[in-house]
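The values are calculated or read from the model by the stated rules, or taken from the named source; none is laboratory data. This one's a predicted model, so the numbers in the text were calculated from it and none came from an experiment. FYI the Cβ positions are ideal-geometry reconstructions off the backbone, even for glycines, and counts take in every protein chain you see.
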Amino acid sequence: MVATSTVVDEILEWKTRRNAVILAHHYQDAEIQDIADSVGDSLELARIAQQFDGEAIAFCGVKFMAETAKVLNPTRTVVLPDLHAGCSLVDSCPVEGVRAFRRKNPDYVVVSYINTSVEVKAESDILCTSRNAVKVVNSIPANKPILFLPDINLGNYVKAQTGRQNMKIWQGACIVHATFPARRLAATRAEHPQALVASHPECPSDVLRMSDFIGSTSAIIDWCTSQAADEFIIMTESGVRYSLEKLSPGKKFYFVANENCNCSECPYMRMNTLEKLRDCLATLEPRIELPAEIMRRALLPIERMLAV
């Protein structure tokens with residue numbers, strides 16, 4: 001405990017010296033969320049990064065999120081505690097495949113989930129998050145065909161919600177959400193029959209069909225907080241427990257294990273630690289560096305998303 005307190009003190013000291021802000025995703029460890037200036041989902045953190053007035057951003061999340069912050073803040077230093085904190089959705093959607101599709105299908109509007117590399121963002125017409133994906137797709141003229149990438153489960157959910165038939169969906173998936181089995185959710189519901197089910201739209205369709213609410217990470221938090229119910233089954237990454245319990249003391253939250261690790265943690269999100277955060281503020285490394293042309297091209301679809 002003393003060692004952790006010392007590390008926290010060092011982080012706060014370096015944050016002041018660097019005139020930095022610490023942004024943390026809901027899926028980070030509780031100790032990181034606890035010292036962050038802002039905690040949120042991808043959309044919220046993108047907006048906060050855009051409004052920030054300091055000199056440096058320490059982004060406690062995964063690499064694509066830090067890249068987005070850099071695009072929105074090209075003159076500021078953006079650091080990520082662990083540069084290897086990646087994302088299975090990013091890995092499932094290489095930019096070469098997107099470019100090949102665009103060459104063959106120039107009439108398609110490319111809608112990219114924010115969980116993509118900056119290079120893919122630069123090839124996209126507009127971005128979305130799980131919170132605004134339905135709004136983004138509905139903002140596109142009905143006669144325009146769409147390529148939605150890279151998450152197949154989110155894409156299927158958006159297609160069902162919008163009734164959009166002229167929409168192709170990339171075949172990527174989140175290694176956490178896509179491996180939540182409906183049978184385990186059914187078993188957990190049997191154990192807690194009074195509990196309401198809140199699910200992230202990256203979950204498989206059979207899980208979503210069993211859900212009382214479907215929404216982004218922050219939307220799940222808001223919904224659970226506003227409900228009169230006392231028990232909830234949460235079908236997303238378990239780091240969200242920290243915010244849920246802080247905002248809804250006395251309520252009970254149950255998490256279902258996925259097939260990959262028999263847990264509900266993202267291994268990439270958990271690569272960041274307090275020690276790595278301290279070191280990246282002290283050295284301003286590892287730093288997110290992106291080509292100016294890529295940032296210029298990626299900015300337009302990000303701004304279109306933020307406008308929606």
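Among the residues of region 9-34, what is the count of those that are surrounded by 17 or more Cβ atoms within 10 Å (Cβ to Cβ) and not aromatic (Phe, Trp, Tyr)? Give the derivation first.
In the first step, residues of region 9-34 are kept if they are surrounded by 17 or more Cβ atoms within 10 Å (Cβ to Cβ); the result is 10-11, 14-15, 18, 20-29, 32-33.
Going one step further and asking which of them are not aromatic (Phe, Trp, Tyr), we end up with 10-11, 15, 18, 20-26, 28-29, 32-33.
Selection size over region 9-34: 15.
Does at least one position in region 171-182 carry a residue that is surrounded by fewer than 16 Cβ atoms within 10 Å (Cβ to Cβ) and part of a helix (DSSP H, G or I)?
Checking region 171-182: not a single residue is surrounded by fewer than 16 Cβ atoms within 10 Å (Cβ to Cβ) and part of a helix (DSSP H, G or I).
Could you tell me how many of the residues in region 283-308 are of a type in the set (Ser, Thr, Tyr) and either buried (at least 16 other Cβ atoms within 10 Å of the Cβ) or in contact (Cβ under 8 Å) with a residue 12 or more places away in the chain (or both)?
Within region 283-308, residues that are of a type in the set (Ser, Thr, Tyr) and either buried (at least 16 other Cβ atoms within 10 Å of the Cβ) or in contact (Cβ under 8 Å) with a residue 12 or more places away in the chain (or both) number 0.
I'd like to verify a number: residues in region 165-182 that are out of contact with any helix residue (DSSP H, G or I) (no Cβ under 6 Å at 6 or more places or on another chain) and over 24 Å from Tyr27 (Cβ atoms), how many?
Count: 3.
State yes or no: is Ala85 surrounded by 14 or more Cβ atoms within 10 Å (Cβ to Cβ) and small (Gly, Ala, Ser)? Outline the logic, then answer.
Numbers: surrounded by 14 or more Cβ atoms within 10 Å (Cβ to Cβ): yes; small (Gly, Ala, Ser): yes.
Yes: the conditions hold for Ala85.
Only residues that are free of Cβ contacts under 8 Å to residues at least 60 places away in the same chain and out of contact with any Phe, Trp or Tyr (no Cβ under 6 Å at 6 or more places or on another chain): list them for region 253-266, please.
Matches in region 253-266: Phe255, Cys261, Asn262, Cys263.
Report yes if some residue within region 37-47 is crowded, with 24+ Cβ neighbours inside 10 Å, in contact with a helix residue (DSSP H, G or I) (Cβ under 6 Å, 6 or more places away or on another chain) and of a type in the set (Asp, Glu); otherwise report no.
yes
Which condition from (1) in contact (Cβ under 8 Å) with a residue 40 or more places away in the chain; (2) outside the structural domain of Arg17 (by TED's automatic domain parsing) is the one that Cys280 breaks?
Every listed condition holds for Cys280 apart from (2).
Of all residues in region 35-75 being among the polar types (S, T, N, Q) and in a loop (DSSP other than H, G, I, E, B), which is farthest from Ala122 (Cα to Cα)? Walk me through it before giving the result.
Going residue by residue through region 35-75, those that are among the polar types (S, T, N, Q) are 38, 42, 50-51, 68, 73, 75.
Next, from what is left, pick out any that are in a loop (DSSP other than H, G, I, E, B): 73, 75.
On the way: Asn73: 16, Thr75: 19 Å.
Here the answer is Thr75.
Let's see how each residue does on (1) out of contact with any Ser or Thr (no Cβ under 9 Å at 6 or more places or on another chain); (2) in contact (Cβ under 8 Å) with a residue 24 or more places away in the chain:
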{"site": "Val176", "(1), (2)": "no, yes"}
{"site": "Pro181", "(1), (2)": "yes, yes"}
{"site": "Pro204", "(1), (2)": "no, yes"}
{"site": "Met210", "(1), (2)": "no, yes"}
{"site": "Asp222", "(1), (2)": "yes, no"}
{"site": "Thr225", "(1), (2)": "no, no"}
{"site": "Glu231", "(1), (2)": "yes, yes"}
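Looking only at region 129-156, count every residue that is modelled with pLDDT of 95 or more and either of a type in the set (A, V, I, L, M) or surrounded by 21 or more Cβ atoms within 10 Å (Cβ to Cβ) (or both) and tell me the total.
Adding up the residues that qualify gives 16.
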